[in-house]
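Note sheet for the following structure.
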Amino acid sequence: MKEKRKRHTVARWWLIGLLTVAVFADFIANDRPLIASVNGETRFPVLHEYGETLGLAEHYSPVVRSWKRVETDWAIWPVVPYSAGGTDLKNGNYRSPFGEQDTGDRARHWLGTDELGRDVAAGLIRGTRIAVLVGFGSVLISLLLGIPLGGIAGFFGNHGLRAPRYHWWGWAVGGTLGVLYASLSLIPFYRLESTVAITGLAISCFALGGWLFRSLLSFIPALKKETAFPADTLVLQGIELFVNIPALVLLIALIAIINQPSIGIVVLIIGVLRWPSVARYLRAELLRIRSLPYIEAARVNGIPKWRILFRHALPNALGPLLIVSSFALGGAVLLEAFLSFLGIGIPADEVTWGSLLRQSRTHPQAWWMAVFPGLLLTGTVLAANLLGEEG
Amino acid sequence: MLSYALRRLLYLPLSLFLLSLLCFGLRAITPGDPVESQLPPAESRTASSKPAAYDASYRRAAAALGYDLPTFYFSLNNAALPDTLHRIGRPAERRMLRALTLSSGNWPAVQDYYLAVRQLAFGEDTEAGINSIPVARRLLLQDDPKAVAAAVNSLPDDQLSQPVKAAFSQVMDGSQRHRLLLPAFRWHGAQNQYHHWLLRILSGDFGNSYLDRRPVASKIGQAMRWTILLNGIAILLVYLVSLPVGLYAAGYRGSRFDRYSTTLLFILFGLPSFWIATLVTNYFTTPAFGMDFFPSMGFGDIPDGASWWTALKIRGSHLFLPVMCLAYPSFAYVSRHLRRSAVKELDQAYVTTARLKGLSRSQILWKHVLRNASFPIITLLGGLFPALLAGSVLIERIFNLPGMGQLLYTAAVGRDWPIVITLVLLNGLLTAAGLLLADLAYAFTDPRVRLGSATTFTNNAA
């Protein structure tokens, strides 16, 4: 038991370390110094870059294109003084970490270089950022989709949500029609192009259409009978349909369609394809929780059911769900490496663990390009699996 | 039991129908021009030299392939867009007409404009039209209203381009944008692209590959043989090794064998197989490190008249590494799950009874525990069919084997949609069938499982 806890601690620290590296990637590997003094002026080139991207700061003048050629009074460099994409032609043609390197005053390429002298260590650090982005991002999306669906299905079941028929039919039909009308007529009519405006219009049309239809249908006597919303059946059927989709094959097909590969799309697709496992787990967990005495007590006390769900039932189910979703984290990181290894979906100029591995195939002698990314990937998957196994 | 099986069988067509819609949708949103890729190369070459002739042959091809039909059984749109837009074969022209109609709302005027531009673009090639004809040809493909206005203004003021200018001013003047606010529902009946496509698929005609114009079915058939061979051996290996390992680890729980195998299996399960495969190909199939033990790529050629032993040796040396890389993750997965459920079973009363009866430990394990603990094996069996394709994409890529995974990759990268879509459909069918089989097999091995109730669904699907 003690040993297990120790392993869990190691795994947790691994993931935390990965997250830290991802957040501070630019401060760990960069071909610009962190702080430098040029002709008496103190500059913070890395930090300043953020300011420029956010539009908060102007360019330093004179502009420095290549810091390694600049005479500085003094400078503090990052641990790895190279950038992921930056070439170092003097050390090109696959320099081994232990072999001879011609770096002059600069630090060695600790983990070797590739054909164009790009630093492998810097590439790994950049790859960490992408792995973390894809891993956490897609898990977040699958949680966002899976928690509401699984929560409602598990907590209310098929009989927990009761309302007159016109309520359900009105919202379903009216909402759909509203969104359809918005997308077919209103958006081209008002020539909307920004995503925010389109989403806002779609949501308001859904609400308006739903409310309108609900009020209209409430005059029909046949629809006044109170019925339960079959949430559980609907969600289960949705899961069943999704499970039948060949995820990986579809992913390859979808990603190859998209003209401009981007990480955001990969994150979105992986997240959407993974919601069923989240929903299924949460549903099973809430089925168990809702029959526990304290929920019964809350119900008897007259606490509204939505409040019971959000304040009492869900918080108890989220802990185990988060533990299990670290499995999904490992899976998503693996999938990202897999895709960039194949060279699809991820932009070609991004350096990732998978793209380094792919590069190693063209030059088998460069063992450092195959071993180090693989070790990082394996460590991450093992850490995620360890945490996901749960006590 | 039977009713559950029937219900699942009813779901199957529904899932497949949705999958077919999805595939058709993918086909429809795919960038690129499907008709153009089917035209004979000789025709495509006339595109720049004889545009009018090319346009005519394009239209014939589009009609022959059914691309001038409506997309689906019905369409929902605003009233400004006509219900005949699908008759325009070329996607770029369709986009242009759509954009102009949406910006003016006046379809009849847009139609007149379109006819005038076509008249100019594909009419007689005269000296007078030396400036205006190229502009008109570009206009046919220009879908930005502002750029269209600029191009129309740049046309010379002569006899030839007068109709275009007049028609365009009609488009812009008679603004009827309010028609955009009216919704329109149109029913097209069975004469539509989806219907035809589905009928063709159902009758076994999957079309021709865009890349080399060979029939999709024969390409997939050829690749499938290799994938089945590869995966068949891998699955066999998985069961041969993981059954004893999982059972004995559980039977001798806490022993050294159990502890070592559990740790080893956990690590094996976490090792990404494509990393291992890359390492293995780098080290053992290339002379880079002096360990060139295995032939590098492909399945190897067997010379004519070779004895079966030579044939086996050649195939074996080519298959050994890919099969190992394909098998070890599932091997680790099955063993771990088998151990876990066998440990649970060993605590049951019937095991104690069997032991009291004097049965040996291996008798208990193989005769009593295995059957009850065999659920993970069945789960894997369900996942086996989709894994046939998915799992071998990477392995076939890395070892350069001409199987279905490799085919999927090359087709997806080369935008060879007939093949990609057929593979997605096939995989969906296999996934659904695999899950169904696993569910049914589950019920047969364990009569206690009452299928159909909601709780069992979650248990077996988890």
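Quick note: the coordinates plus some simple rules give every number you see, no bench work behind them. Everything quoted here is computed from the prediction, not taken from an experiment. Positions of Cβ are generated from backbone atoms using ideal geometry, with glycine treated the same way; all protein chains shown enter the neighbour counts.
Largest GNM mean-square fluctuation among A:14, A:353, A:211, using chain A with Cα springs under 10 Å: A:211. Along the axis of the charge dipole computed for the protein assembly as shown (Cβ charges of +1 for Lys and Arg, -1 for Asp and Glu, origin at the Cα centre), the listed residues B:10, B:203, B:107 are led at the positive end by B:10. DSSP bridge analysis restricted to chain A gives an antiparallel fraction near 90%, rounded to the nearest 5. Springs between Cα atoms under 10 Å define the GNM used for chain A, and in it the highest mean-square fluctuation of A:17, A:86, A:99 occurs at A:99.
Electrostatic bookkeeping for residue A:290 treats Lys and Arg as +1 and Asp and Glu as -1; over the other residues with beta carbon under 15 Å from its beta carbon, the sum is +3. Positive end of the dipole of the range B:216-461 (Cβ unit charges, origin at the Cα centre): among B:242, B:421, B:276, the Cα lying farthest that way belongs to B:242. Can you give the Rg/Rh ratio of the range B:34-202, where Rg is from the C-alpha atoms and Rh is the Kirkwood radius? A ratio of 1.00. Note on A:358-367: average number of Cβ atoms from other chains within 10 Å of each residue's Cβ is 4.
Loop-located GluC sites (Glu not before Pro) in the range B:41-150 (DSSP state not H, G, I, E or B) with no more than 15 neighbouring Cβ atoms inside 10 Å: B:124, B:127. If only the Cβ of Lys and Arg carry +1 and only the Cβ of Asp and Glu carry -1, the dipole of the range A:31-77 around its Cα centre is close to 160 debye.
Protection proxy ranking for B:334-340, A:179-185, using the average of other Cβ atoms within 10 Å per residue and placing the highest first: B:334-340, A:179-185. Around residue A:137, under 15 Å between beta carbons, what's the net of Lys plus Arg minus Asp minus Glu among the other residues? Result for the neighbourhood of residue A:137: 0. Compute the FRET efficiency between residue A:8 and residue A:50 as 1/(1 + (r/R0)^6), taking r as their Cβ-Cβ distance and R0 = 30 Å, and round to the nearest 0.05. My answer for the efficiency is 0.30.
About its Cα centre, the dipole of chain A is roughly 1760 debye, where the only charges are +1 on Lys and Arg Cβ and -1 on Asp and Glu Cβ.
May I ask you to derive the relative contact order of chain A, considering only C-alpha pairs under 8 Å and at least 6 residues apart, and to give it as an integer percent? Once normalised by length, the contact order is 20 percent. Can you work out the PRE-style zone for residue A:106? Point 7 Å along Cα to Cβ, and I want the residues of the range A:8-51 with backbone N under 14 Å. Inside the label zone: A:29-34. Once the C-beta distance of residue B:21 and residue A:197 is scaled by a Förster radius of 30 Å, the resulting FRET efficiency is 0.55 to the nearest 0.05. Restricting attention to the protein assembly as shown, close to 95% of DSSP beta bridges with both partner residues there are antiparallel. What does the C-alpha gyration tensor say about the overall shape of the range A:1-139? Classify as rounded when a/c is under 1.5, otherwise prolate if a/b is larger than b/c, or oblate. It comes out oblate by the Cα gyration axes. Highest average first, the peptides A:166-172, B:311-317 ordered by how many other beta carbon atoms sit within 10 Å of their residues are A:166-172, B:311-317. Within the listed set A:297, A:29, A:75, the residue fluctuating most in the Gaussian network model of chain A (springs between alpha-carbon atoms under 10 angstrom) is A:297.
In plain terms, the residue of B:291, B:96, B:404, B:224 with the fewest other Cβ atoms within 10 Å comes first and the most crowded comes last, giving B:291, B:224, B:96, B:404. Of the DSSP H helices in chain A, those with a Cα length along their own long axis of 30 Å or more and a mean Kyte-Doolittle hydropathy reaching -0.5 comprise A:2-23, A:120-156, A:195-217, A:314-342, A:367-389. Shown here for the range B:211-269: chymotrypsin sites (Phe, Trp or Tyr not before Pro) in loop regions (DSSP other than H, G, I, E, B) with at most 15 other Cβ atoms within 10 Å, namely B:252.
Distance between the pseudo-spin-label points of residue B:7 and residue B:158 (7 Å out from Cα toward the beta carbon): 7.6 nm. For the range A:31-77, the relative contact order is 54 percent, taking Cα pairs closer than 8 Å that sit 6 or more residues apart in sequence and dividing their mean separation by the residue count. When each full DSSP H helix of chain B is screened for a Cα extent of at least 24 Å along its own axis and an average Kyte-Doolittle hydropathy of at least 0.5, the helices passing are B:2-29, B:216-251, B:375-399, B:417-445.
In the range B:216-461, a dipole from Cβ-located charges (positive for Lys and Arg, negative for Asp and Glu) runs towards its positive end, and of B:377, B:306, B:216 it is B:377 whose Cα lies farthest in that direction.
Residues of chain A were split at every exposed loop site, defined as trypsin sites (Lys or Arg not before Pro) in a DSSP loop with at most 10 other C-beta atoms within 10 angstrom, and the longest piece left, sites excluded, is A:226-391. Within straight-line reach of residue B:367, meaning a Cα separation under 19 Å, sit the following aspartates and glutamates at least 8 residues removed in sequence or on another chain: B:345, B:347, B:446. Only Lys, Arg, Asp and Glu carry charge here, each on its Cβ (+1 for the first two, -1 for the last two); on that basis the protein assembly as shown has a dipole of about 3600 debye about its Cα centre. Distance between the modelled labels on residue B:124 and residue B:169, one decimal in nanometres: 2.6 nm (7 Å Cα→Cβ projection).
Averaged over peptide B:273-285, the number of partner chain Cβ atoms lying within 10 Å of each residue's Cβ comes to 5. When the GluC sites (Glu not before Pro) in the range A:1-83 are filtered for DSSP coil states and for at most 14 other beta-carbon atoms within 10 Å of their beta-carbon, the remaining sites are A:58, A:71.
Over the protein assembly as shown, the alpha carbon radius of gyration divided by the compact-protein estimate 2.2 N^0.38 Å works out to 1.11. Relative to the 2.2 N^0.38 Å rule of thumb, the range B:216-461 has a C-alpha radius of gyration ratio of 1.17.
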